[in-house]
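Engineer: This is the structure, below, for whatever I ask next.
All of the numbers you see were taken from the coordinates with simple rules; none came from a lab. Here the structure is a predicted model, which is why all the values come from computation and not from measurement. All Cβ positions, even for glycine, are placed from backbone atoms using ideal geometry, and neighbour counts span all protein chains on display.
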Amino acid sequence: MYLVPMDDPARRLTRSDAESLAARFKLLADPGRVQIVYALLESGELRVGDIARIVGASESATSHQLRQLRMAGLVNANRTGREVHYRIADIHVRLLLDVAVEHYLHDHGDHR
């Protein structure tokens, strides 16, 4: 297991960094946003309508969630004419969610 040594000041989180990190975790605490992120991770790049159809939500609700994810830097938006395509901004998001899902399934796999 990898642990950050607390005696290395360069590896410690400042209060500001911790608040920013916690805000990102709060964004990912919403089931709809987690579904959107997974849809983008699996598909690479999608339009709002496609994402809404995959996650079973309205385009308006999906657009609102995407705006929050974009403002947090978790997704990028690329406009081509009238179409906007969304994609995950950072590959580390996949690693973070894969570890969280693996942990969840390990603890809850027998309860399904």
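Here is a yes/no grid of residues against (1) touching a strand residue (DSSP E or B) at 6+ places or on another chain (Cβ under 6 Å); (2) under 19 Å from residue 20 (Cα atoms); (3) surrounded by 14 or more Cβ atoms within 10 Å (Cβ to Cβ):
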| site | (1), (2), (3) |
| --- | --- |
| 40 | yes, no, yes |
| 62 | no, no, yes |
| 66 | yes, yes, yes |
| 71 | no, yes, no |
| 77 | yes, no, yes |
| 81 | no, no, no |
| 91 | no, yes, no |
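Engineer: Sticking with this structure for a sec: Considering only the stretch 93-112, how many residues are under 18 Å from residue 21 (Cα atoms) and not basic (Lys, Arg)? First the steps, then the outcome.
Structural biologist: Initial filter on the stretch 93-112 (under 18 Å from residue 21 (Cα atoms)): 93-100.
Now drop any that are not not basic (Lys, Arg), which leaves 93, 95-100.
Looking only at that region, the number is 7.
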